[in-house]
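Take a look at the structure below.
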2 protein chains.
Amino acid sequence: MKPKFRGIQTATLITLTVMLTACAVKQTAPDPLPSWSEGHSKQQIIEFVNSVTKTGGVDYVAPGQRIATFDNDGTLWSEQPTYFQLLFILDRIKQMAADHPEWTSTQPFQAVLENDMAAIEAAGHHGMAQLGMTAQSGVTTDEFKTIINDWFATARHPTTGKAYNAMVYQPMLEVLDYLRTNEFKVFIVSGGGLEFMRPWSEEVYGIPPDQVVGSSMETRYEVQAGNPVLVQEPGLHFINDKDTKPVAINRYIGQRPILAFGNSDGDFQMLEWTTAGEGRRLGLIVHHTDAEREWAYDRQSSIGRLDRGLDEAEMRGWVLVDMARDWQVIYPYQLEK
Amino acid sequence: MKPKFRGIQTATLITLTVMLTACAVKQTAPDPLPSWSEGHSKQQIIEFVNSVTKTGGVDYVAPGQRIATFDNDGTLWSEQPTYFQLLFILDRIKQMAADHPEWTSTQPFQAVLENDMAAIEAAGHHGMAQLGMTAQSGVTTDEFKTIINDWFATARHPTTGKAYNAMVYQPMLEVLDYLRTNEFKVFIVSGGGLEFMRPWSEEVYGIPPDQVVGSSMETRYEVQAGNPVLVQEPGLHFINDKDTKPVAINRYIGQRPILAFGNSDGDFQMLEWTTAGEGRRLGLIVHHTDAEREWAYDRQSSIGRLDRGLDEAEMRGWVLVDMARDWQVIYPYQLEK
């Protein structure tokens with residue numbers, strides 16, 4: 001085949017290439033956070049990323065040290081009417097009830113089978129732990145992964161009717177992408193269970209399993225008929241909340257983050273630990289102010305209570321993201337309209 | 001400036017480019033494991049990597065699932081005359097002794113100050129734990145990092161006279177690089193302490209802190225005069241050895257490795273767990289057979305004992321790397337001659 005541009009001189013080609021390159025540079029970069037309204041919150045995020053990635057700048061941080069940590073419940077996805085993992089636990093108890101006829105008259109199981117939320121809450125921490133242990137132990141990690149995948153595939157949120165992991169925040173997905181594009185290593189640091197989040201964290205958040213830090217149960221290695229398995233035991237290994245979040249960050253990540261994003265007082269110490277480090281740091285809090293499109297709650301809520309963080313955010317230079325004001329859209333499925 | 005090649009026709013340039021590209025492809029790829037002797041071990045590693053990275057091949061594994069785990073002591077660096085972390089602990093006890101005059105007559109401290117290894121060993125697990133807790137607690141994680149960095153900068157191995165972290169294995173550094181080049185995510189899964197390995201793992205092994213899994217102590221978050229710190233407590237949080245290695249792999253990494261490399265029976269379950277997974281897997285054991293250039297030990301050794309692994313490697317299809325036969329060089333500093 002005869003190339004049609006045979007007659008074009010090399011110098012001409014070079015000139016064309018230079019012109020095309022110049023054009024590309026002149027184009028305005030696309031907005032990295034299109035679902036964020038213009039304003040203080042968006043500006044703070046972009047300015048921070050620009051400052052720590054500017055080679056030779058005073059705030060420059062090498063890529064390997066660009067660690068960002070995100071709470072999950074209420075920060076990356078919704079947590080109302082209660083934590084989604086608790087809703088999973090209740091569903092799983094109901095599913096298991098066929099093999100446990102005694103539960104119809106034994107608390108806290110009876111309360112679950114009767115959908116009696118007041119009685120479940122009345123069972124307190126001990127009752128809740130009993131439900132969690134029962135629903136999540138006695139199976140191998142592989143079996144539990146299947147149980148989790150099945151639940152997300154079939155369970156639907158009581159208000160939106162959507163799959164629970166469709167109720168992640170579109171603006172936060174954009175933040176995760178924006179940070180990764182700028183060579184941040186992004187971690188979840190959640191009070192939720194490791195085994196509850198990891199089966200879908202990569203697909204939904206782009207966060208691989210080893211970058212998910214959470215609460216965990218005891219597991220036991222055993223060889224069953226020549227086949228090694230990890231069995232989930234009815235005991236808590238670690239609860240990742242409040243002052244144990246910096247402990248977990250140190251244990252799992254081994255570096256202090258330069259950016260941390262939370263939504264409740266359970267994230268207070270993570271933000272404190274992050275922003276007390278040397279050099280430029282950024283702490284951010286999602287403030288649930290949007291009763292119409294999501295939920296509005298803070299100081300008085302038993303779920304995702306935000307009280308001290310609300311008092312001290314300004315003094316500490318943390319960005320309070322006002323969901324109603326700062327987010328143009330809440331969930332990804334709202335974009336598809 | 002007048003380009004000298006102005007007169008060359010585009011078609012000629014294209015032809016030249018095609019020819020140059022063809023030449024490049026024809027060149028033999030450089031040996032990825034130059035310090036490995038030709039033979040079964042090297043061949044097994046290369047064949048495995050080729051098979052799991054071959055797009056469309058029956059053994060293909062997506063990059064995100066190319067997880068490889070490496071033991072540290074005796075697998076990535078030497079562990080004789082005893083674990084290097086124990087030598088650090090003994091040095092640190094001596095350093096702390098000035099503030100503890102009572103130690104001159106209190107065991108097991110007295111034994112350390114008198115360099116009485118027999119008495120130290122006689123103190124058993126309890127004595128060893130007491131030394132480890134004393135040497136590694138009561139400081140913040142930041143302070144401890146400085147202590148570790150100072151030790152590696154100044155302490156020298158009794159036989160080689162080299163810094164301890166210069167005694168890493170050149171052939172293993174090549175394996176780490178080779179795997180990373182092929183989009184593996186490489187983790188250390190060691191019985192050694194997290195805080196002992198992480199300060200230098202990236203510089204020496206190219207493994208970032210969050211990809212180092214190890215044993216860990218309890219840590220406590222506290223705010224000291226407005227400054228948040230993590231204080232190392234005198235309690236063990238987790239011992240990463242034998243059947244808890246698969247537990248830690250699940251907890252920290254969240255995926256089953258497709259390749260695992262160890263050297264002792266402490267790695268048996270890690271290799272068992274790894275190679276029992278579906279699809280092509282590779283388990284490898286460094287067998288210390290080189291009394292001249294390194295050390296020779298296996299079944300009878302109290303350090304890095306390899307007994308069951310030696311019996312079962314062949315049956316399980318694990319590769320026994322014979323250090324004397326398979327490695328042309330042991331340490332990187334031997335290359336610099």
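Observations, loosely collected:
- If you filter the range B:76-107 down to residues that are of a type in the set (D, E, K, R) and assigned to a helix (DSSP H, G or I), you find that the one that is surrounded by the most Cβ atoms within 10 Å (Cβ to Cβ) is B:ARG92.
- Residues located in the range B:217-240, provided they are part of a strand (DSSP E or B) and without any contact (Cβ under 8 Å) to a residue 24 or more places away in the chain: B:GLU218, B:ARG220, B:TYR221, B:GLU222, B:VAL223, B:GLN224, B:ASN227, B:PRO228, B:HIS237, B:PHE238
- Enumeration of residues in the range B:132-156 that are under 30 Å from B:TRP36 (Cβ atoms) and without any contact (Cβ under 8 Å) to a residue 12 or more places away in the chain: B:ARG156
- Residues that are touching a residue at least 60 places away in the same chain (Cβ under 8 Å) and more than 7 Å from chain A (Cβ to nearest Cβ) within the range B:247-266 comprise B:ILE249, B:ARG256, B:PRO257, B:ILE258, B:LEU259, B:ALA260, B:PHE261, B:GLY262, B:ASN263, B:SER264, B:GLY266, listed in sequence order.
- All positions within the range A:203-212 that are under 17 Å from B:GLN211 (Cα atoms) and without any contact (Cβ under 8 Å) to a residue 24 or more places away in the chain: A:PRO208, A:PRO209, A:ASP210
- Looking at B:THR275, B:THR289, just one residue is at pLDDT 95 or above, farther than 17 Å from B:ASP73 by Cα and β-branched (Val, Ile, Thr), and that residue is B:THR275.
- Every residue from the range A:292-318 that is assigned to a strand (DSSP E or B) and in contact (Cβ under 8 Å) with a residue 40 or more places away in the chain: A:TYR297
- Residue that is closer than 30 Å to A:ALA324 by Cα and under 14 Å from the mean Cα position of the chain (by Cα), where the choices are A:GLY161, A:GLY206: A:GLY206
- Residue within the range A:251-272 that is out of contact with any helix residue (DSSP H, G or I) (no Cβ under 9 Å at 6 or more places or on another chain) and closer than 29 Å to B:GLY64 by Cα present: no
- Here B:PRO63, B:PRO30 are screened, and the one residue that is within 14 Å of chain A (Cβ to nearest Cβ) and loosely packed, with under 12 Cβ neighbours inside 10 Å is B:PRO63.
- For B:ILE148, the stated conditions hold: it is among the hydrophobic types (A, V, I, L, M, F, W, C) and in the same structural domain as B:GLU121 (by TED's automatic domain parsing).
- B:LYS94 being away from every other protein chain (no Cβ under 14 Å), among the basic types (Lys, Arg) and touching a Phe, Trp or Tyr at 6+ places or on another chain (Cβ under 6 Å): no
- Residues of the range B:267-295 satisfying the condition of being within 14 Å of chain A (Cβ to nearest Cβ) and either aliphatic (A, V, I, L, M) or surrounded by 24 or more Cβ atoms within 10 Å (Cβ to Cβ) (or both): B:ASP267, B:MET270, B:LEU271, B:TRP273, B:THR274, B:ALA276, B:GLY283
- All told, A:VAL321 falls short of being closer than 24 Å to A:LEU86 by Cβ, assigned by TED's automatic domain parsing to the domain that holds A:ALA68, in contact with a Ser or Thr (Cβ under 6 Å, 6 or more places away or on another chain) and outside any loop (DSSP other than H, G, I, E, B).
- Qualifying helices (runs of 4 or more DSSP H) (wholly inside the range B:108-214; at least 1 residues being within 14 Å of chain A (Cβ to nearest Cβ) and surrounded by fewer than 21 Cβ atoms within 10 Å (Cβ to Cβ)): B:141-154, B:170-181, B:194-205
- Qualifying residues in the range A:231-246 (those that are within 9 Å of chain B (Cβ to nearest Cβ) and buried (at least 23 other Cβ atoms within 10 Å of the Cβ)) - the one nearest to the chain's Cα centre (by Cα): A:LYS245
- Test: residue in the range A:22-41 that is in a helix (DSSP H, G or I), over 27 Å from A:ALA68 (Cα atoms), over 23 Å from the mean Cα position of the chain (by Cα) and modelled with pLDDT of 55 or more: no
- Scanning the range A:273-290 for residues that are more than 20 Å from A:ALA248 (Cβ to Cβ) and among the charged types (D, E, K, R) turns up A:GLU278, A:ARG280, A:ASP290.
The values are calculated or read from the model by the stated rules, or taken from the named source; none is laboratory data. Predicted model only: the values in this text are computed from it and were never measured. Every residue, glycine as well, gets a Cβ built from its backbone with ideal geometry; the counts of neighbours run over all protein chains shown.
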